[in-house]
Amino acid sequence: MRQGRLDFAPCAAVIVATENLELLGDPEALGAYAEAGGYVLLAVRPELNHAFYRLYRKMGMIAAEDMKDTQGIELTENVLIGERGLRLHEPFVVNSSIIVELDAKSRVLARSAEGIPLLWEFPFGQGKFMVVNGTLLTEKFNRGLFAGALSMLEPDFIYPIFNSKLFYIDDFPAPIRNGRDEAIYREYRRDIPAFYKEIWWPDMLKAAKRYDVDYTAVFIESYDDRVEPPFGSPSDADRKNLFAFGRELIKSGGELGLHGYNHQSLVFREEVADAYGYVPWPDVDNMAEAVEEAVRFVGETFPDYRMIVYVPPSNVLDPEGREALKKGWSDMAVISSLYGEDASGLAYVQEFEIAEDRILEMPRLTSGYTENAFDRWMMANALTTHGFFSHFIHPDDLFDGQRGGNRSWEQLYREFSAMLRRLDRTYPWLRPMTASQAAVEMEGVLASRADFTREGRTLRGKIEPFRRDQFFILRTARSIERLDGCRAQKIDDGVYLVAAAKADFEITLGD
């Protein structure tokens, strides 16, 4: 336990990430800091101990009882951008919370399905406390709540985002199996290849145009399970479909990326291969040769086209597979796998970052033709934290009972359109991009630093190095009076999208 008094005075804000407030030493120091104009975020539900009871009234509580496991969440304010009023009575939002009665001056930002406050702010003296009454910030997919809470804690809070909307189609173009699906044939009188060409793809293009989406389609040359050479000219390779679909994709504003020579994940591990029904690769050279063949096949079909984006089959990739990709494909610059935690421990899970080998890690967040509660929550958190939407589907989700939910294409397309419509309505400011376009923008943000200073009502920003427009979220209760070197767009109550057009820019706020 720390003894004595911590000096919080030099801090712009204090984030408490421990349940045990006694570890802070004298708890009165935290109260004094807030009273003098400091900002304190309790990022986890505190323990009910002596230090807590010395502070709890200052944190906006007038009574606190035992702990209780809570479920679900209702956002009573826009702590997640665009989602005020969202109610989810879902088991994935779980907390250990304190049963509390709040001071009348406490402002509740979120509560559990049964009404227990999960997040509130409380003005104290010249400063403020923000309290997370739960344990949900330990989960990666809840990070948007942290970003939202922090941005609502300090006045006039500004932070960088990517501002990109991405949509991937995995396994496309790819060999299409012959034959017919009885449900599809009854509805459309077409076999599977004709359905994709005449119904599914025109519908997808129509949705992209209507809701401002640019597809990144990741190609597969063959569905054989070959992991030994020769890899050239597999029997199911379909150059005609690659050309036809690829040309329309590119014409619509989309782009081609690589999913693989085949759908065998680039792994050595037997347990991973067994889990997905794949064949483990024997060595890096075989992997690299197969990758080289797939890149060659696309290059012969589109001679002047350069692919740079890779999506691993089944979102699985080993370090050896990464080395094989670099060996067989010198242009590869981006890997897009998964952002969310993987309970099995098999998936390639990413953060938004530039890796040591300079490859950009740009994860996808959600998937499927329909928007379920978890996907919406994941989207809202990522959009608040990063201003980033990244979703993927497979053409054959329709034929998979689990992925397609045994719905007809008409039902799936209706739900797919509804998801894109809600996204467009809630976040109209998002920029539609292909993966390579988003990668350029993301790399610029990750490789730069934005510093802010405040003088009176003016916020001054400096980006170094500055390459092109960069975007920020500004949370403020004040109006914007003047802008220099930047643009601003109101995107929610008290929330602005700021686009910096110069390395040095200024925002002057009203009273």
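The values are calculated or read from the model by the stated rules, or taken from the named source; none is laboratory data. In this text, all values refer to a predicted model and were calculated from it rather than measured experimentally. Virtual Cβ from ideal backbone geometry, glycine too; neighbours counted across all protein chains shown. All accessible areas refer to the heavy atoms of the entire protein, side chains included, with ligands and DNA or RNA removed. Shrake-Rupley method; radii C 1.70, N 1.55, O 1.52, S 1.80 Å.
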Report the Cα centroid-to-centroid distance between the range 324-354 and the range 87-114 in angstrom, as an integer. 36 Å
Compute the signed sum of charges (Lys and Arg +1, Asp and Glu -1) over the other residues within less than 15 Å, Cβ to Cβ, of residue 303. +1
Based on the Kirkwood radius over alpha-carbon pairs, what value in µm²/s does the Stokes-Einstein equation return for the translational diffusion coefficient of the range 215-288 at 10 °C and 1.306 mPa s? 116 µm²/s
At most 11 other Cβ atoms within 10 Å and a DSSP loop assignment: could you name the trypsin sites (Lys or Arg not before Pro) in the range 23-80 that fit? none
Could you work out the per residue convex hull volume over the alpha carbons of the range 38-167, in cubic angstrom? 120 Å³
Starting from the range 319-403, pick out the GluC sites (Glu not before Pro) whose DSSP state is loop and whose Cβ has at most 15 other Cβ atoms within 10 Å. 341, 351, 356
Set the Förster distance to 56 Å, then compute FRET efficiency between residue 326 and residue 20 from the Cβ-Cβ distance, nearest 0.05. 0.75
Cut-off under 20 Å on the C-alpha distance; same-chain residues fewer than 8 positions from residue 128 excluded. Which lysines are left, in chain and number order? 58, 105
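For the chain, what relative contact order do you get, as a whole percent, if you take Cα pairs closer than 8 Å and at least 6 residues apart?
Contact order relative to length: 13 percent.
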Given only helices, namely DSSP H runs of n ≥ 4 each adding -39500 (n - 2.57), what is the per-residue ellipticity at 222 nm of the chain, to the nearest 500 deg cm²/dmol? -8500 deg cm²/dmol
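Please get the size of the charge dipole for the range 201-311, origin at its Cα centre, with Cβ charges of +1 on Lys and Arg and -1 on Asp and Glu, quoted in debye to the nearest 20.
Once rounded to the nearest 20, the dipole reads 760 debye.
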Work out the length of the dipole vector of the chain about its Cα centre, built from +1 on the beta-carbon of each Lys and Arg and -1 on the beta-carbon of each Asp and Glu, and round it to the nearest 20 debye. 2020 debye
Given [x] 41, 24, 20; [y] 46, 25, 23; [z] 40, 27, 19, the label whose value is semi-axes √(5λ) of the Cα gyration tensor in Å derived from this model: [y]
Please enumerate, by chain and number, the lysines with C-alpha under 25 Å from the C-alpha of residue 165, excluding those fewer than 8 residues away in the same chain. 140, 206, 209, 251, 490, 502
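Where only protein heavy atoms count, and the probe is 1.4 Å, what is the accessible area per residue for the range 360-460 in Å²?
38 Å²
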For the range 106-115, Karplus-derived ³J(HN,Hα) couplings (6.51, -1.76, 1.60; θ = phi - 60°; whole Hz; x for glycine and proline) come out as 6, 10, 7, 9, 7, 9, 6, 4, 8, x
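Nearest 0.05, what FRET efficiency do residue 344 and residue 180 give at R0 = 41 Å with Cβ-Cβ as r?
Approximately 0.75, to the nearest 0.05.
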Please give the contour-minus-distance gain from residue 138 to residue 274: 0.36 nm per residue of separation, less the Cα-Cα distance, rounded to one decimal in nm. 45.9 nm
To the nearest 0.05, the calculated FRET efficiency linking residue 67 and residue 417 through their beta-carbon distance, R0 being 56 Å, is 0.80
Can you find, among 131, 291, 494, the residue sitting farthest towards the positive end of the charge dipole of the chain, where Lys and Arg contribute +1 and Asp and Glu -1 at Cβ? 494
Which semi-axis lengths, in whole Å and largest first, follow from the square roots of five times the eigenvalues of the Cα gyration tensor of the range 247-378? 23, 21, 14
Given a 1.4 Å probe and every protein chain left where it sits, what share in percent of the accessible area of the chain is carbon and sulfur? 47 percent
May I ask what percent, to the nearest 5, of DSSP beta bridges between residues of the chain are antiparallel? 65 percent
Long-range HN-HN contacts of residue 119 with modeled amide H, under 5 Å: 109, 110, 133
Counting only heavy atoms of the protein chains, get the accessible area per residue of the range 207-266 (1.4 Å probe) and round it to a whole Å² value. 43 Å²
Order of 494-501, 420-427 by packing, highest average Cβ count within 10 Å first? 494-501, 420-427
Return the long-range amide H neighbours of residue 365 (sequence gap of 5 or more, or a different chain), with a cut-off of under 5 Å between placed amide H atoms. 390, 391
Within the range 62-158, list the GluC sites (Glu not before Pro) lying in a DSSP loop whose Cβ has at most 16 other Cβ atoms in a 10 Å radius. 114, 139
Decide, for the range 149-292, between rounded, prolate and oblate: order the square roots of the alpha carbon gyration tensor eigenvalues as a ≥ b ≥ c, take rounded if a/c falls under 1.5, and otherwise choose prolate if a/b is larger than b/c, else oblate. oblate
